[in-house]
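Quick notes on the structure that follows.
Values in this text are rule-based calculations from the coordinates and carry no lab data. On a predicted model such as this, the values are computed, not experimentally measured, just so you know. Methodologically, a virtual Cβ is constructed for each residue, glycine included, from the backbone with ideal geometry; neighbour enumeration extends over all protein chains shown.
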Amino acid sequence: MVLHTVKKVYYPSKVPPFAPQVVPYQGEGVTVRRQEVVGYNGDEAVALAVKQSKVDVVAAYPITPQTIIVERFSEYVADGEVDTEFVCLESEHSAASASIGASLTGARVFTATASQGLALMHEVLYTASGLRCPIVMAVANRALSAPLNIHNDRSDMMGSRDCGWIQIYAENSQEAYDWTIQAFKIAENTTVQLPVTVNFDGFVISHAMETINTLADEDVTGFLPSRKPIFTIDPEHPVTVGSLFLQEYYFEIKRQQEEALQKSAEVVDQVAKEYCALSGREYGILETCGMEDAEAAILCMGSTAGTARSVMRKMRAEGKKVGLIKLWLYRPFPVEEIISALGNVKALAIMDMALSFGAPVGALCSDIATILQLRGNNLKIFDVIYGLGGRDIRPAEIEGIFNEALSVAQTGIVKESVKYVGVRE
């Protein structure tokens, strides 16, 4: 395991040491902050981002593959590098509950989980969003039991996709680091006041060391001012929180919550612009490649986008008009941005790394099909179920998906509305 922190660096015996590099980054018309180039896995990158965000409370329970996040952060606490209350609870349900209590006092709060841990939190996820607690939670996406599997797919978060949290998906360790910092500013915005999950693929990102660019502590502090809660609980002035709301008022509360979630997309976009000015790295609602003239495209999230982008560039070099849409923001679902990104594409393959048992298609494909129908768009689509339990999606398989989409674009015929890729039938 490789760990780099500001004060000390550990290296495994078989890996030669290297000195962190400090480099300036050139933005468009502006020189952004100088940054350290270091080696981190995704979990370590998130832990550093939380440290730099000056979090008041971390409440967590370990579960593979997110454990390194809270382990690493506990070292920051033990070494006196942060002024954070670290609370190790007896379960993920308790960790989420403690996070809510801390958030309601006005604290900046972080937690992390995966898989069965997220499932155990399920009840409390709705409480956190209903109470408008701006908690940030990292989720190292992992398959759900049974059978037991500790590797990556997105069954965990897809099972909680309607819990009222803002949901962001990172492609790599750099994005996991950057989005964690941005997530606090998004969640704590006074027009939002909602919890945020930063999702990244378990083991694929959480345990894979990559070179990433890290901001200086003072630059993160300047970007992310102290939280200014609009409401706090205070023992000196007791109030009732989470009280009973029956038919007379419950509907109105949920409607307000939905309005805040929908408006949060504007805040995500604005925070991304501010972060780009600081870091030189562009984020937003979604990212497109090759869509300006694409006839067929793939839409996906997370680490899959890296492989798909590489395959897309190879195929475009061969003269094939293919494109890629990568979603960063999944909830709220970016309807207008997706419709705009699709342009004049004739066929779209949607990549679902989770099964929606008994449903016509997977969760992501269902959302796409819905917005197309509502807009009267007759774009030909098909769903691709892949990667369950951590099974690799290979470049050759992604090329096959692109070629299938090209065939649909040319013929107008979808042979399989749901295509299982990489499974032994």
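What to note about this one:
- Per-selection Rg to Rh, segment 175-268 - Cα, Kirkwood hydrodynamic radius: 1.08
- Positive-end extreme of charge dipole, the chain - chosen from Ser356, Ile401, Ile338 (charges on Cβ): Ile401
- If you model segment 48-142 as an ellipsoid using its alpha carbon gyration tensor, with each semi-axis the square root of five times an eigenvalue, the axes come out at 19, 16, 10 Å, biggest first.
- Loop sites in segment 180-256: chymotrypsin sites (Phe, Trp or Tyr not before Pro), DSSP, at most 16 other Cβ within 10 Å: Phe231, Phe245, Tyr249
- Loop-located trypsin sites (Lys or Arg not before Pro) in segment 355-425 whose Cβ has at most 10 other Cβ within 10 Å (DSSP): Lys415, Arg424
- Inverse of mean 1/r across different Cα pairs in the chain, Kirkwood, Å: 22.2 Å
- Segment 63-111 - convex hull of alpha carbons, volume per residue in Å³: 71 Å³
- Vicinal HN-Hα couplings computed from phi for segment 311-322 (Karplus, 6.51 cos²θ - 1.76 cosθ + 1.60; Hz; Gly/Pro x): 5, 4, 5, 4, 5, 5, 5, 8, x, 8, 8, 10
- Mean separation of Cα contacts under 8 Å, 6 or more apart, over the residue count of the chain: relative contact order %: 15 percent
- Rounded to whole Å, sorted largest first: equivalent-ellipsoid semi-axes of segment 27-279, Cα gyration tensor: 27, 22, 18
- Convex hull (Cα only) mean projected area of segment 213-364, reported in nm² to one decimal: 14.8 nm²
- Residue exposure sequence - Val423, Val271, Val50 - by fewest surrounding Cβ within 10 Å: Val423, Val271, Val50
- For segment 286-421, the calculated P(r), taken from all Cα-Cα distances in 5 Å bins from zero up to the bin holding the longest distance, is 2, 11, 23, 26, 23, 12, 3, 0 percent.
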